[in-house]
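Novice: Right, I'll just put the structure down here and ask away after.
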Amino acid sequence: MGKKGNKKDNKVKGAEKTAAKMEKKVSKRSKREEEDLEALIREFQSLDAKKTQVLDTACPPPSPRLNASINAHPEKDELILFGGEYYNGRKTYLYNDLFFYNIKKNTWVKSEIPNPPPPRCAHQAVVVPQGGGQLWIFGGEFASPNGEQFYHYKDLWILHLATNTWENIKAPGGPSGRSGHRMVLSKKQLLVFGGFHESTRDFIYYNDVYSFSMETFAWSRLSVSGSGPLPRSACQMTSTPDGSGAIIYGGYSKVRVKKDVEKGTIHSDMFFLKRDGKEGQEKWSWSRVNPSGNKPPPRSGFSMAVGPGGRAVLFGGVCDEEEEETLEGDFYNDLYLYDTVKTRWFPGVLRGNKSEKKKRRRGKKVGAEGHEMEEEAETAPQGPTEVIKEIVTDDGTVMTIKEVIPGSQEEEEEEEEEDEEDEASASAPLIEPCARSSALTTVRQGKLFLYGGMFEVGDRQFTLNDMYCLDLHKMDQWEVLVEMDSKTQEWLEESESEDDEEDEGESKGAAAEEEESESDEEEEDENEHPAVQEGETVTDYQARTEQYWIGLARGNMGPDAKDKKVAKVAQAMAKVFYEDQ
């Protein structure tokens, strides 16, 4: 037994040495490009240093962005949004702006506080209730405007909410520079796990664990026994309600299989990081968790927040599928809840409001867009049902949304007393966020708040800034707080050369005239579409005009498009036209 134990320990130490060598290699290769970016970061900081007073300004919702942080204020009915990034197809923008959202008034305020952290994304932010409320921020990433160089932070900051001041904590011995890591508050410690560091030529993923003491303001790398998670980023880390440790779920990592070929892995395993012993004499261990219930299908880019009763709420995400030379992602907008006490997953099925249930009992149901349709024969689904939605944007881009509606599942003990008739008659809510990944989520007063996210259509990326709220006690339906604004969806195709950009500038006037004439033609074309007859449902309209829309879709998509895809697009175009009438 002793020999086996020694071999296992040696294996772990060997893996740690390999990781350390890789980290040193990555650091050496990326040092030069990070030095270039440091100069750019110093320029941002010098501009921020000129601000000497706190300035709060009422403003519209923040611009679209990804990999920001959103947290609930520990004392007020407010949410705090910081940083993030935005990519428009040509240029990457990094932010360090700070916003406060008033939940009761549904209003935003931009707060400019002197000496903030430099711009970043993919950082971690944790709210601590002490001292009138504090927001702690660690790490993150800065990228060059062309998105080809990266700088990974290893700094630690506090936003003192009571005094509106930023403070940079200088504490040695912390984690190396990284982004995509996770950080939670557990008792009087900040726990940091995983993440990655990327340069132009190399990358490395981490599975180390660090602790920062809120009392001594000191970092320490934890020596954790047992077999833990493989290196990863973008996982979810949830503190247990009793302070005994943290749950690690899922994540993403990639490896280089050949010189220029990388392979990504979506992780769907779960681990428990357990704390034992008295404070100051703690021992940490890893153990694998095999939860029961209806587990979420594998995905990355999901969002997770801790709800009432210690239940973690998972929303959305994406599962990338490789097909020949293309990479397509199936995006989700479903909900799953994880009970940290019972170690059990179950689907977050929305019940819908009472008025909807009454309408359905009368033999009618209301579709996703509010149109009445005839009720289909009721059948009890035995397993998950896959629903495909097609949405056509203003520029003709088609977005495919795939939803997986879980089959019938036993409810929790406290939900068994719900009226069976109500449960049987419940269906999809009238309003729901579209499928997406990387949405920002947080919980305040038992309500889940969801902000932004992204989805992709071909090579185009849609970055969102809409906002929703869901009462986790009622689980009835989503409430729209900020609607999606199509005007914020900018996407610029990359130019092949600088000459292309010059030609583009010279022909700007002609292009504007051409766009104007095209828009006039589009308006005329709309008037020529088959008219919607009085009292006609969307289903009847689609069936009656099917061949017309298939011909129009085929003309737009070309002769090589698959018949099945053309039919889907045609159906979506007919629906969009029907709803506009």
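Novice: Name the single residue, out of those in the range 548-562 being touching a helix residue (DSSP H, G or I) at 6+ places or on another chain (Cβ under 9 Å) and open to solvent by 80 Å² or more (accessible area, probe 1.4 Å), that is modelled with the lowest pLDDT.
Specialist: Once the filter is applied, the top-ranked residue is Asn556.
Novice: Evaluate the range 523-532: report whether one residue or more is surrounded by fewer than 16 Cβ atoms within 10 Å (Cβ to Cβ) and at pLDDT 80 or above.
Specialist: The answer is yes; a qualifying residue exists.
Novice: Answer with yes or no whether Leu161 is at pLDDT 95 or above, farther than 24 Å from Tyr86 by Cβ and out of contact with any Leu (no Cβ under 8 Å at 6 or more places or on another chain). First the steps, then the outcome.
Specialist: Values: at pLDDT 95 or above: yes; farther than 24 Å from Tyr86 by Cβ: yes; out of contact with any Leu (no Cβ under 8 Å at 6 or more places or on another chain): no.
Answer is no for this residue.
Novice: Give just the number: which of (1) farther than 30 Å from Gly348 by Cα; (2) open to solvent by 40 Å² or more (accessible area, probe 1.4 Å); (3) modelled with pLDDT of 75 or more; (4) touching a Lys or Arg at 6+ places or on another chain (Cβ under 9 Å) does Lys474 not satisfy?
Specialist: (1)
Novice: With respect to Val306, is the statement that it is under 29 Å from Val443 (Cβ atoms) and either without any contact (Cβ under 8 Å) to a residue 40 or more places away in the chain or among the β-branched types (Val, Ile, Thr) (or both) true?
Specialist: Criteria met by Val306.
Novice: Could I ask something else about it? Among the residues of the range 205-222, is any out of contact with any helix residue (DSSP H, G or I) (no Cβ under 8 Å at 6 or more places or on another chain), free of Cβ contacts under 8 Å to residues at least 24 places away in the same chain and in a strand (DSSP E or B)?
Specialist: The answer is yes; a qualifying residue exists.
Novice: Filter the range 118-141 down to residues that are farther than 16 Å from Leu156 by Cβ and outside any helix (DSSP H, G or I), then give me how many there are.
Specialist: Going through the range 118-141 one residue at a time, the tally reaches 4.
Novice: So which of Lys263, Lys187 ends up being at pLDDT below 95, at positive phi and of a type outside the set (A, V, I, L, M, F, W, C)?
Specialist: Sole residue among the options that is at pLDDT below 95, at positive phi and of a type outside the set (A, V, I, L, M, F, W, C): Lys187.
Novice: Take Pro241 and decide whether it is open to solvent by less than 10 Å² (accessible area, probe 1.4 Å), part of a loop (DSSP other than H, G, I, E, B), touching a residue at least 40 places away in the same chain (Cβ under 8 Å) and within 28 Å of Gly316 (Cβ to Cβ). Talk me through it step by step, then tell me what you get.
Specialist: Details: open to solvent by less than 10 Å² (accessible area, probe 1.4 Å): no; part of a loop (DSSP other than H, G, I, E, B): yes; touching a residue at least 40 places away in the same chain (Cβ under 8 Å): yes; within 28 Å of Gly316 (Cβ to Cβ): yes.
Judged against the criteria, Pro241 is not a match.
Novice: Scanning for something on the phi < 0 side of the Ramachandran plot, part of a loop (DSSP other than H, G, I, E, B) and of a type in the set (A, V, I, L, M), does the range 325-341 turn up at least one residue?
Specialist: Within the range 325-341 (the criterion being on the phi < 0 side of the Ramachandran plot, part of a loop (DSSP other than H, G, I, E, B) and of a type in the set (A, V, I, L, M)), the answer is yes, since at least one residue qualifies.
Novice: Continuing with this model, one more query. Go through the range 246-266 and give me each residue that's of a type outside the set (Ser, Thr, Tyr) and either buried (at least 20 other Cβ atoms within 10 Å of the Cβ) or in contact with a Ser or Thr (Cβ under 7 Å, 6 or more places away or on another chain) (or both).
Specialist: As a first pass, look at the range 246-266 and keep what is of a type outside the set (Ser, Thr, Tyr): 246-248, 250-251, 254-264, 266.
Within the range 246-266, Ala246, Ile247, Ile248, Gly250, Gly251, Lys254, Ile266 meet the criteria.
Novice: In the range 273-321, how many residues are open to solvent by 30 Å² or more (accessible area, probe 1.4 Å), closer than 14 Å to Tyr338 by Cβ and among the small types (Gly, Ala, Ser)?
Specialist: 3
Novice: Another question about this same structure. How many of the residues in the range 122-178 are β-branched (Val, Ile, Thr), open to solvent by 10 Å² or more (accessible area, probe 1.4 Å) and touching a residue at least 60 places away in the same chain (Cβ under 8 Å)?
Specialist: Residues that pass the stated criteria total 1.
Novice: Among the residues of the range 64-96 satisfying the criterion of being of a type in the set (S, T, N, Q) and in a strand (DSSP E or B), which is farthest from Gln236 (Cα to Cα)?
Specialist: If we take residues in the range 64-96 being of a type in the set (S, T, N, Q) and in a strand (DSSP E or B), then Thr92 is farthest from Gln236 (Cα to Cα).
Novice: What are the pairs, 6+ residues apart or on separate chains, where a residue within the range 251-265 that is closer than 26 Å to Pro296 by Cα has its Cβ under 9 Å from a residue that is outside any strand (DSSP E or B) and of a type in the set (D, E, K, R)?
Specialist: Close Cβ pairs (under 9 Å, with a partner that is outside any strand (DSSP E or B) and of a type in the set (D, E, K, R)) amount to Gly251/Arg232; Tyr252/Arg232; Ser253/Arg232; Thr265/Arg232.
Novice: Does Ser63 satisfy the criteria of being at pLDDT 95 or above and in contact with a Phe, Trp or Tyr (Cβ under 9 Å, 6 or more places away or on another chain)?
Specialist: Considered against the rule, which asks whether it is at pLDDT 95 or above and in contact with a Phe, Trp or Tyr (Cβ under 9 Å, 6 or more places away or on another chain), Ser63 comes out as no.
The values are calculated or read from the model by the stated rules, or taken from the named source; none is laboratory data. Please read all numbers here as calculations on a predicted model, not as lab measurements. Because the Cβ atoms are built from the backbone with ideal geometry, glycine has one as well, and the counts that use them run over all protein chains shown. We work out accessible area using only protein heavy atoms, side chains counted, and drop any ligands, DNA or RNA first. Shrake-Rupley method; radii C 1.70, N 1.55, O 1.52, S 1.80 Å.
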